[in-house]
1. Pairs, please: C-beta under 8 Å, at least 6 apart or cross-chain, first residue closer than 16 Å to LYS359 by Cα and in contact (Cβ under 8 Å) with a residue 60 or more places away in the chain and in the range 321-342, second among the basic types (Lys, Arg) and surrounded by 14 or more Cβ atoms within 10 Å (Cβ to Cβ)?
2. Please go through the range 221-262 and give me each residue that is in a strand (DSSP E or B) and farther than 30 Å from GLY301 by Cβ, ordered by number.
3. Does ILE140 satisfy the condition of being part of a helix (DSSP H, G or I), in contact (Cβ under 8 Å) with a residue 12 or more places away in the chain and either within 29 Å of ASN356 (Cβ to Cβ) or over 22 Å from the mean Cα position of the chain (by Cα) (or both)?
4. Does ALA125 satisfy the criteria of being touching a residue at least 40 places away in the same chain (Cβ under 8 Å), surrounded by 18 or more Cβ atoms within 10 Å (Cβ to Cβ) and hydrophobic (A, V, I, L, M, F, W, C)?
5. Answer with yes or no whether SER215 is closer than 27 Å to LEU322 by Cβ, assigned to a strand (DSSP E or B), of a type in the set (S, T, N, Q) and touching an Asp or Glu at 6+ places or on another chain (Cβ under 7 Å).
6. Look through ALA182, ALA125 and report the one residue that is modelled with pLDDT under 95, of a type in the set (A, V, I, L, M) and not in a helix (DSSP H, G or I).
7. Does THR307 meet the test of being of a type outside the set (Gly, Ala, Ser) and part of a helix (DSSP H, G or I)?
8. Would you check if ILE69 is hydrophobic (A, V, I, L, M, F, W, C), within 28 Å of PHE296 (Cα to Cα) and free of Cβ contacts under 8 Å to residues at least 40 places away in the same chain?
Amino acid sequence: MNNSEKNSNIWQFTALGALLLLGIVCVVFAVVLSRNETVTSNSPDDSQISGEDALTLWNDGSKAKTELISYMEAVTDTNDPDYIPPEHRIAVFDMDGTLCCETDPIYFDHMLFMHRVLNDPTYKATEQELETAEKVFEYIDTGKYPDGLDMDHGRGVASSFAGMTLKDFDRYVKEYRDTPTAGYDGMTKGEAFYKPMIQVVDYLNANDFTVYIVSGTDAFIVRGLVDGTLNIPMNQIIGSDERIAATGQGDEDGLTYTYQSDDEVILAGDFTVKTLKMNKVSSIVREIGSQPVLSFGNSSGDFAMATYTISNNPYRSLAFQLCCDDLERENGNLEKAEKMLQSCNENGYIPVSMKNDWKTIYGDGVKKKSVPDVEFEEEVLDLAS
């Protein structure tokens, strides 16, 4: 082969290589351009779903619904100045009266306590527990919450279930959860969740929010009550707390006792904290470690959590407060609802009207009774004397 032919072949290989390299560059450029176009045309997060599709049990024209949808569209849009990265999309919910029926005729955890000390034939209540039950009856009769009952009830729950394993306690809560409601036909206590609020939880989950329950109810009771109903993991449930121990621990301090292979975790019988008001904020700071951007509550016990959420927040934030103004479908209280509406106006919270904002509360087939069936045997309190 002469030099001319060699030079011709070298030129051909060089030209071919250049063409191949140019082709690769074009393909890479096309892929990058295509991805950029996709981000530009679909700036909201891929996980976002339509609020109108998600919140079908909310009435059209509901201010709360409109506010939540507008908020969601902004904070999930990467091109919006209010965009919030998924890791900072944190929502906190109170439970009783916010996610589920609050009083039928009293709180679920109060009813569980009353069932334990008055109706459970396997348990003999202490004098102190029966005295606390008297205070609960006072609450049922008057509708006014007695001073000190928060702490008395917390101690009563802790003491009346002391020594029970967490597995057995969870089973106990769920068995009671599956009994009929006192004030409604066609519904168990565990089914007494507000269907429009379940939709809110699902809507937030679908848009990459991390949803927490922050409740004044014992955390172990909350776990048993919501399991299977709300799409909220057990490690995202915060509630009032009590000490736990190992079966073989006895009176030994946890700093010196080592858990053994044949141990089980039990309720130790000591109440430690009631998660209401500022204690809700403290629990959020301690357990979550990041400021929420959404808060949902229904009482003054949730105001601290709501104000903490919307104050000095680096991200756009909202606080919703439910008003129990429905007398036909729920155990409403117009006086409390009016006070809540006033508090919302004064503090920058968004009110949610159960009566006007929701198409349904518990769904078809559930009917409110004219007179609740209170199951507790008051004469048992004679044992305390």
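1. Taking only residues 6 or more apart or on different chains, the pairs are CYS324/LYS336; GLU330/LYS368.
2. Within the range 221-262, the subset in a strand (DSSP E or B) is 237-246.
If the condition is that a residue be in a strand (DSSP E or B) and farther than 30 Å from GLY301 by Cβ, then ALA246 is the only one that fits.
3. Details: part of a helix (DSSP H, G or I): yes; in contact (Cβ under 8 Å) with a residue 12 or more places away in the chain: yes; either within 29 Å of ASN356 (Cβ to Cβ) or over 22 Å from the mean Cα position of the chain (by Cα) (or both): yes.
Here the answer is yes, as ILE140 does meet what is asked.
4. On the way: touching a residue at least 40 places away in the same chain (Cβ under 8 Å): yes; surrounded by 18 or more Cβ atoms within 10 Å (Cβ to Cβ): yes; hydrophobic (A, V, I, L, M, F, W, C): yes.
Criteria met by ALA125.
5. yes
6. Working: ALA125 fails: modelled with pLDDT under 95.
Sole residue among the options that is modelled with pLDDT under 95, of a type in the set (A, V, I, L, M) and not in a helix (DSSP H, G or I): ALA182.
7. Working: of a type outside the set (Gly, Ala, Ser): yes; part of a helix (DSSP H, G or I): yes.
Considered against the rule, which asks whether it is of a type outside the set (Gly, Ala, Ser) and part of a helix (DSSP H, G or I), THR307 comes out as yes.
8. On the way: hydrophobic (A, V, I, L, M, F, W, C): yes; within 28 Å of PHE296 (Cα to Cα): yes; free of Cβ contacts under 8 Å to residues at least 40 places away in the same chain: yes.
Against the criterion (hydrophobic (A, V, I, L, M, F, W, C), within 28 Å of PHE296 (Cα to Cα) and free of Cβ contacts under 8 Å to residues at least 40 places away in the same chain), ILE69 qualifies.
The values are calculated or read from the model by the stated rules, or taken from the named source; none is laboratory data. Keep in mind that what you see is a predicted model, and the values were worked out from it rather than measured. Every residue, glycine among them, receives a Cβ derived from its backbone with ideal geometry; neighbour counts consider all protein chains shown.
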